[in-house]
Structures are given as C-alpha cells and as structure tokens.
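Computed from the coordinates by the stated procedures, all read-outs in this text should not be read as laboratory data. These numbers come from a predicted model, not from an experiment. Counting neighbours? That spans all protein chains shown, and the Cβs are built from the backbone with ideal geometry, glycine included.
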Amino acid sequence: MKELKISAIREGAVIDHISPENAFKVVEILNLKDKDDIVMVGVNLQSKKIGKKGVIKIGNSFPTKEEIDKIALIAPEANLNIIKDYNVISKERVKIPDVLEVIIRCANPKCITNAENHKTKFYVLEKSPLRMRCHYCERIMEAADIELV
Amino acid sequence: MRFKGKDIISIRDLEKDDILYILDVARKIEKSPDQDLLKGKVMASLFFEPSTRTRLSFESAMSLLGGKVVGFAEPGVSSLKKGETLWDTIKMVDRYADVIVMRHPVEGAARIASEAANVPVINGGDGSNQHPTQTLLDLYTILKTKGTLENLSVGMLGDLKYGRTVHSLCIALSHFNTKFYFISPDALAMPRDYLKDLERKGLSYTEESDLIKVSKELDILYVTRIQKERFPDPMEYKKYAGFYRLDKRILSHIKKDMKIMHPLPRVDEIHPELDSTEHALYFDQAANGIPVRQALLSLVLGRIE
C-alpha cells in the first residue's frame, strides 16, 4: 500500500508533538484556513514519545509571539521548529510566559475587562497545573477556565 | 516605596514596610493633625455605588486637613448613565482633581481607573475584590489596641467565602506571622487560594465551625456580616443568616483582653449588649478610618514624604 508522508518544507514553521486532540485547536489559533501558502496538518501520526501526535507545517510564515503564547496555553506539550533552507534552525518546547496579555478572556463575568471590553492581563503564578491571577479583578484562573480571545 | 503619585488599588501592591509606614504616618497625623496639610488640593470622590462609612470618612479626612472635595455619591448623576465608559469618565475627572477616590461595583474597576488617570487613584472598594483602605484601618486598629501586629492569634468569623474584608486582611496579616483561625460554616469557608498562600508562607491556620472551640485562643475576633447581596441563591442565604450571633454568653469563653472587630454595618452578628464591654472595638475601628485615610491622601499627594 502506498504511504503518504508529510513532506519537508523549505522555509517556515513546524509545530510537532501536539496531542492529537489539540491539533485542530492549534490550526484555529494560527488561523490556517486563511493562509494561501503551504499548510500541512497531520493527526494521529506515530510518535515514540507520546504514542500518537499531531504535526502542523506552515510554509513561509512563522507564528507571532501572541500565537505561540496561545499554543503554549492550549497545547503545552508542543514543540516549535523553525525551518530555513530545509534545516531546523531552532527547536524548542512552547513556553507559557510569566505575563499573558490580551490573549485570553477573564472567566469572572464581573471583571471590568468583560464589562467594558478592555484588554486583559494575567500573571502566571504556577505553570503546571496552570494557575494565573487577573491583573484587574485578581481572581485566580486555571487551565479549564481558559477562553482565547 | 515612595508614595507621591502612587495609586492605592490592592493590598497585594503593598509590602510589609509600606504598610507599617502608612500606619506610622496615620499615628502621627492622629496625634497632631495639621489643618492646612492638604490646602489647595482637590479630591474627586467618585462613588458609583452607595457607601456611607467609606465615602464620609474619606471626605471628612480630606476636609479636616484643609483640602476640597468634589464628586458624586450616586451613579445616577454621572454620565455613566449616558453610556460613557469608566475609562472616559476617569480621563475627564483626571483634569479636575489632584487625587481620585472611587468605589465601583465592578471588580477591577479601580485598576483600570488608575491606568486611565495621571493623578493617584485610591480604591474605595471594587465589587467583591479589594478595599485596601478598610484593611489598613483594620491593621491600624489592631496595632493601636495590641501595640504590635506580630505573632497575634486572629479569628475571622462568618462569611469567609464572599467576604472581601477578611480576604484582604488575611493577605495583609500574612506579613506578620499571624496565627489564623477561620470560623465559618463549611459552605462559607475561606477560599482554597488564600489557604494555599498561607501554606506557601509557612503560616499556620485552623478551620473550625464552632467558635467556642477556639475562642479562648484569640487575641482578636474579626466578625463579618453574612451579606445577602453576595449570595446567588436567596435560599442559600436564609440557611446561613444568623448562623453566628455573639452575645454576653461569649464572655466566659474568651481572653480578658480579646477584642472584637467588625467592618460594620452589623445586622445581628453582635448583640448591642456587647457594645459597652471592653471587648468591643468596632466603633473605634470605624473612627480609625479618618487618620488612615488622611495618611494615604497626604502620602500620595506628596505632602508627607
């Protein structure tokens, strides 16, 4: 039987080791359906590390810091590889930053950021399990409370 | 911390030394107030939510030191009714006053105001989030009556789940090696996040629903009202209203110098028969709002370095 493989890209980004259930969330974060360059999405691929994994390859563009922060929140297990001239020039696990600005909503309906549609800011208190404090209403949020902007 | 121009939004923003410095300034002002200290300064008093004690004590604090007050006590008179955002309201008031004191029903409102304003903003309560000046006057009251804030056994009684004052006081007292006793029905217990913070700091606490079991240990008993407005379900409220009622029977179960505090208003948590005992500290506590708020105003306005 013929096997289809995801081919290499010359320049761009590869997001690897995504848990399969998170792969399409990452697709959404990166807004890939609107890209007009090469995009490859693989799910349930074999992985020595995690059994099954998702991989996303994007040609000729690189995720922004905001997008990487969002990926770190939703799929903290993912690796981000930057490719130039078919070579991996950097490979690192996505990291949750100490301060999260703009990218998530506050889960507290009584928070001013929800009442007046104001930009949000959170201080990460612990990364695993995730605990963060809203800069405005000071409520603690956990991973289950995350809603991306 | 240099206080000139600083905002006072959350007790979390203040280090132990900042707190002690504010209380020391309050003590000096109370001892010898200077009637012209805030002369020429204007305080905008923006109360988007009704309040008696906080508003009157801020306005009185300002007036007693020679400052002027402008503002409103009802949201109906502000342009918020016309759909103006808080950000825009503050941007406008910022040009009219040297300091803004505000209370707002929405959590985080004071922080946003402080980002919109160039002049210092003092939070007079933002929903169930923070009320730092209440906490500072609570600390001042404890310091005055006990002579120290260190190593005291402090009981907090009533609604510890929704009670903003006990949350902030818990954070503030954690600087002073306090032994905490949290006394509440299980459903109104101190939230886990606060307990975790105490554990992280290596502080000990006891959770108990029966006051009598721990009352003999206490130097301070901080009583709170079980607040109807904080309960999502009125049936839940009915279940707990009147759960604790302090009266003379408590006197045989407490230390001689144990003091009872309450942020007021009380409903039926403390019987008036306790008012005349030497344990009752709640009216002094309310009066201490004046020197503490005078200290804060003088510091953020730069009239005291």
Checklist outcome for this item: Taking the reciprocal of mean 1/r across every pair of different Cα atoms in chain B, the Kirkwood radius in Å is 19.9 Å
Next on the checklist: For a quick check: with amide H placed at 1.01 Å from N, whose amide H comes under 5 Å from B:Y222's, ignoring anything fewer than 5 positions away on the same chain?
Outcome noted: B:G155, B:M156, B:L157, B:M261
Item to check | Rounded tilt (10° steps) of B:53-64 against the dominant C-alpha axis of chain B | outcome: 50 degrees
Checklist outcome for this item: Taking Cα pairs closer than 8 Å and at least 6 residues apart, the relative contact order of the stretch B:132-286 in percent is 23 percent
Checklist entry - Where the Cα atoms of the stretch A:97-149 are projected onto their three principal axes, how long is each span, largest first, in whole Å? => result 31, 18, 16
Checklist entry - In the stretch B:130-220, what trypsin sites (Lys or Arg not before Pro) fall in a loop by DSSP, with at most 10 other Cβ atoms inside 10 Å? => result B:K201
Checklist entry - So which GluC sites (Glu not before Pro) in the stretch A:40-97 end up in coil per DSSP with only 11 or fewer other C-beta atoms within 10 Å? => result none
Checklist entry - So what's the angle, to the nearest 10 degrees on a 0 to 90 scale, between helix A:20-29 and the longest Cα principal axis of chain A? => result 70 degrees
Checklist entry - Can you run phi through the Karplus equation (6.51, -1.76, 1.60; θ = phi - 60°) for the stretch A:61-78 and list ³J(HN,Hα) in whole Hz, with x for Gly and Pro? => result 8, 10, x, 6, 4, 4, 5, 5, 4, 5, 4, 4, 6, 8, 9, x, 7, 6
Item to check | Among beta bridges that DSSP assigns inside the protein assembly as shown, antiparallel share in %, nearest 5 | outcome: 50 percent
Checklist entry - Near A:K33, which lysines are there with a Cα under 17 Å away, not counting those fewer than 8 places off in the same chain? => result A:K25, A:K57
Next on the checklist: Using only the alpha-carbon atoms, what does the protein assembly as shown span along each of its principal axes? Please give whole angstrom values in decreasing order.
Outcome noted: 93, 54, 40
Checklist entry - Given springs between every Cα pair under 10 Å in a Gaussian network model of chain A, which of A:K110, A:K70, A:K35 has the largest fluctuation? => result A:K110
Checklist entry - In terms of modelled amide H atoms, which long-range or inter-chain residues lie less than 5 Å from the amide H of B:L246? => result B:I270, B:H271
Item to check | Contour excess over end-to-end distance, with Cα ends at B:K216 and B:R245 and 0.36 nm allotted per residue | outcome: 8.7 nm
Checklist entry - What percent of all Cα-Cα pairs in the stretch A:37-119 falls in each 10 Å bin, counting up from 0? => result 14, 37, 29, 15, 5, 0
